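Q: The following block contains the structure, expressed as structure tokens.
Every number here is computed from the coordinates shown, using simple stated rules; none is lab data. Predicted model, so just to flag it, every value in this text is computed and none were measured. A quick note on method: Cβ atoms are made from the backbone with ideal geometry, for glycine too, and the neighbour counts reach across all protein chains shown.
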Amino acid sequence: MVSKRVCSLVIAILFGLVMAGLAVAAGPPTITLKAKMGNVTFNHAAHQKRLKCGQCHHRKGPNGKQVPYKPGQKIEKCSVCHNANSGMPSSLNSVKKVMHKNCRGCHKSMHKTNPKAPTRCFGCHVRKK
């Protein structure tokens, strides 16, 4: 049996590879993240219409604080900062935790105005058949 920590690391690495691919112009129209619970495919283009890039993409600034994305800025792998050795609080020390907090939190807050926004596990995670 594979430990949760190893699974989280694999998810973080895979997500980081996907994020590295986003360094091109506007990024792909959809993004698929590999996950043990089932892959997560989301409509990147639709999210770009609703959100500012900096709401998801950011980097660590010179003072150690988060700096929102600015056009032309290199998009790093999330796992560069969000990892077990980062010294970040436990709620931010893995890509999985950050994605769940940010994405699910945003979906829950907007659910009244957009009831199609998934808020449960299998609204995003699709199990392999």
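Q: Express in whole angstrom the spacing between the alpha-carbon centres of segment 73-129 and segment 24-56.
A: Distance between centres, Cα-based: 11 Å.
Q: Round to the nearest 0.05 the FRET efficiency obtained for residue 76 and residue 112 when R0 = 30 Å and r is the Cβ-Cβ distance.
A: So, using R0 = 30 Å, E works out to roughly 0.35.
Q: Determine the sum of side-chain charges near residue 94: Lys and Arg each +1, Asp and Glu each -1, restricted to other residues whose C-beta is under 10 angstrom from that of residue 94.
A: +4
Q: Taking the Cα centre of the chain as the origin and placing charges on Cβ (Lys, Arg +1; Asp, Glu -1), which of 90, 107, 67 is farthest toward the positive end of the dipole?
A: Of the candidates, 107 comes out farthest on the positive side.
Q: Something else now. When the helix-only estimate is applied to the chain (DSSP H runs of n ≥ 4, each -39,500 (n - 2.57), divided by the residue count), what is the mean residue ellipticity at 222 nm, nearest 500 deg cm²/dmol?
A: -8500 deg cm²/dmol, from helical runs alone.
Q: Next question, about the same structure. Taking square-rooted eigenvalues a ≥ b ≥ c of the alpha carbon gyration tensor, is the chain rounded, prolate or oblate, where a/c under 1.5 means rounded and, failing that, a/b exceeding b/c means prolate?
A: rounded
Q: Which value, in debye to the nearest 20, describes the size of the charge dipole of segment 73-129 about its Cα centre when Lys and Arg Cβ atoms bear +1, Asp and Glu Cβ atoms bear -1, and nothing else is charged?
A: 380
Q: Also, I was wondering about something else. Going down the list 65/112; 49/112; 36/74, which pairs span over 30 Å between their C-alpha atoms?
A: 65/112
Q: Multiply the residue gap between residue 26 and residue 39 by 0.36 nm, knock off their C-alpha separation, and tell me the result in nm, one decimal place.
A: Extra length available between residue 26 and residue 39 comes to 2.5 nm.
Q: Take every Cα pair under 8 Å in segment 4-126 that's 6+ residues apart, average their separations, divide by the length, and report that relative contact order as a whole percent.
A: In percent, rounded to a whole number, it is 27.
Q: Let a ≥ b ≥ c be the square roots of the eigenvalues of the Cα gyration tensor of segment 41-113; is it rounded (a/c under 1.5), or, if not, prolate (a/b larger than b/c) or oblate?
A: Oblate.
Q: Which length gain, in nm to one decimal place, applies between residue 90 and residue 4 when the Cα-Cα distance is subtracted from 0.36 nm times their residue separation?
A: Result: 29.5 nm gained on full extension.
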